[in-house]
Amino acid sequence: MILELDCGNSFIKWRVLRPDGVTPVEDGVVSSDSDLLASLSDAEKFQLKKCRLVSVRTQAETDSLVASLVESFGVSVVLAVPAREMAGVRNGYEDYERLGLDRWLALLGGFHLASGACLVLDFGTAVTADFVAADGGHLGGFICPGMPLMRNQLRTHTRKIRYDDIAAERAHESLAPGRATVEAVERGCMLMLRGFVLTQFELARQYWGKDFVVFLTGGDANLVSGVVPDAKVVPDLVFVGLAMACPLS
Ligand SMILES: Nc1ncnc2c1ncn2[C@@H]1O[C@H](COP(=O)(O)OP(=O)(O)OP(=O)(O)O)[C@@H](O)[C@H]1O
Ligand SMILES: CC(C)(CO)[C@@H](O)C(=O)NCCC(=O)O
Ligand SMILES: [K+]
């Protein structure tokens, strides 16, 4: 079977596909290399042969993970690498190698699924927006802190903002002005995210009128689903692009 990995800054998303390269068998989210190896080794059943991988981590971290995968499972690993142009999309960065590979793959996937202009919004550790025109020209994008970073910056740099995860989750039942610290912070950060989404949507409207598709992906995409009518939540958008960038012969 085929192992697919998306190594982000906080988590590694993994999934296993049947040898047909299409049908998912199992997936998961882990926070370390060792947790990944543990999740997969439970699974002699997977009989992993090949692996494709995208990483936004350092070269050293990525090399070390690849070495562990080869050692533990004997898989052959294909890594996504930067490209100036692929699948009809032209990388919009002045220095194309500097565009985060997770962004590049998500926008390749988005352009493929939309068959036209698209706005790709990814809600992970960081939040990113990328614009691809109907002719495949990537216009560039934006990067800002995601929900976990916003919330942790407030907790770290103030004396009196302190609350636990369960209270945080409860605070999201509504977006009314907070009447407790946890509500004020969680809803405030949520409104920042929603405002970001609306601003990007407005910009896409200015460029392309109504003729574009909005994609939401990343672990926190569900927080903003519903902000933009008709936006498509595609949790595996990076994997769609990964399969395009790393075909396994
Ligand atoms: N099963 C899960 N495990 C961990 N985080 C999850 C899970 N489901 C949703 N999340 C949310 O996803 C967010 C992290 O998103 P994601 O995994 O896309 O990004 P990342 O890999 O940490 O970072 P990035 O891709 O930006 O480098 C967290 O804020 C968390 O709330
Ligand atoms: C922005 C993140 C952290 C999002 O995961 C990643 O795509 C990245 O590290 N990018 C490199 C910087 C850039 O894209 O300009
Ligand atoms: K990401």
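The values are calculated or read from the model by the stated rules, or taken from the named source; none is laboratory data. As the structure is a computational prediction, the values presented were derived from the model and not from experiment. Every residue, glycine as well, gets a Cβ built from its backbone with ideal geometry; the counts of neighbours run over all protein chains shown. For accessibility, only protein heavy atoms count, side chains too; no ligands or nucleic acids. Shrake-Rupley method; radii C 1.70, N 1.55, O 1.52, S 1.80 Å.
Tell me, what % of the accessible area of segment 30-102 is carbon and sulfur with a 1.4 angstrom probe?
Carbon and sulfur atoms account for 46 percent of the accessible area of segment 30-102.
So between residue 93 and residue 154, what do we pick up on full extension, going 0.36 nm a residue minus the alpha carbon distance?
That works out to 18.8 nm of additional length.
Under a point spin-label approximation (7 Å from Cα along Cα-to-Cβ), what is the residue 230-residue 47 distance to one decimal in nm?
4.5
Between residue 180 and residue 205, how many nm apart are label points set 7 Å from Cα along the C-beta direction?
Result for the modelled spin labels: 3.6 nm.
Bin width 10 Å, origin at 0, all Cα-Cα pairs of the chain: what percent of pairs per bin?
The percentages, shortest bin first, are 7, 29, 32, 23, 9, 0.
Which of 13/160; 13/210; 13/232; 13/45 have a Cα-Cα distance over 22 Å?
The pairs that break the limit, which is 22 Å between Cα atoms, are 13/160; 13/210.
Starting at the first residue of segment 105-111, write each ³J(HN,Hα) from the Karplus equation 6.51 cos²θ - 1.76 cosθ + 1.60 with θ = phi - 60°, in whole Hz, x for Gly and Pro.
Rounded to whole hertz, the list is 5, 5, 6, 4, x, x, 5.
Return the carbon/sulfur percentage of the accessible area of segment 183-236, one whole number, probe 1.4 Å, all protein chains in place.
Its accessible area is 53 percent carbon and sulfur atoms.
Given the peptides 218-227, 59-68, 135-144, arrange them by the average over their residues of other C-beta atoms within 10 Å, most packed first.
The densest-packed peptide leads the list: 218-227, 135-144, 59-68.
222 nm [θ] for the chain, helices only, -39500 (n - 2.57) per DSSP H run of 4+, per residue, to 500?
-12000 deg cm²/dmol
Quick one: accessible surface of residue 157, probe radius 1.4 Å, all protein chains present, in square angstrom to the nearest 10.
Here the residue's solvent-accessible area equals roughly 130 Å².
Between residue 71 and residue 191, what length comes free when the chain is fully extended (0.36 nm per residue of separation minus the Cα-Cα distance, one decimal in nm)?
38.7 nm
Rank-order 146-152, 123-129 by packing density, defined as the average count of other C-beta atoms within 10 Å over each peptide's residues, highest first.
Most protected by this proxy first, the peptides run 123-129, 146-152.
Rolling a 1.4 Å sphere over the protein heavy atoms, what is the accessible area per residue of the chain, to the nearest Å²?
Value returned for the chain: 52 Å² of accessible area per residue.
Could you please put 13, 232, 45, 210 in sequence from largest to smallest accessible area, using a 1.4 Å probe?
210, 45, 232, 13
Pop a pseudo-label 7 angstrom from the Cα along the beta-carbon direction at both residue 58 and residue 34 and give the gap in nm to one decimal.
With each label placed 7 Å out from Cα toward Cβ, I get 1.9 nm.
Express in Å², to the nearest 10, the accessible area of residue 161 obtained by rolling a 1.4 Å probe over the protein heavy atoms while all chains stay in place.
Counting only protein heavy atoms, residue 161 exposes about 30 Å² to solvent.
Semi-axes of the equivalent ellipsoid for segment 143-197, please: Cα gyration tensor eigenvalues, times 5, square-rooted, ordered largest first, whole Å.
Semi-axes from the Cα gyration tensor: 16, 15, 9 Å.
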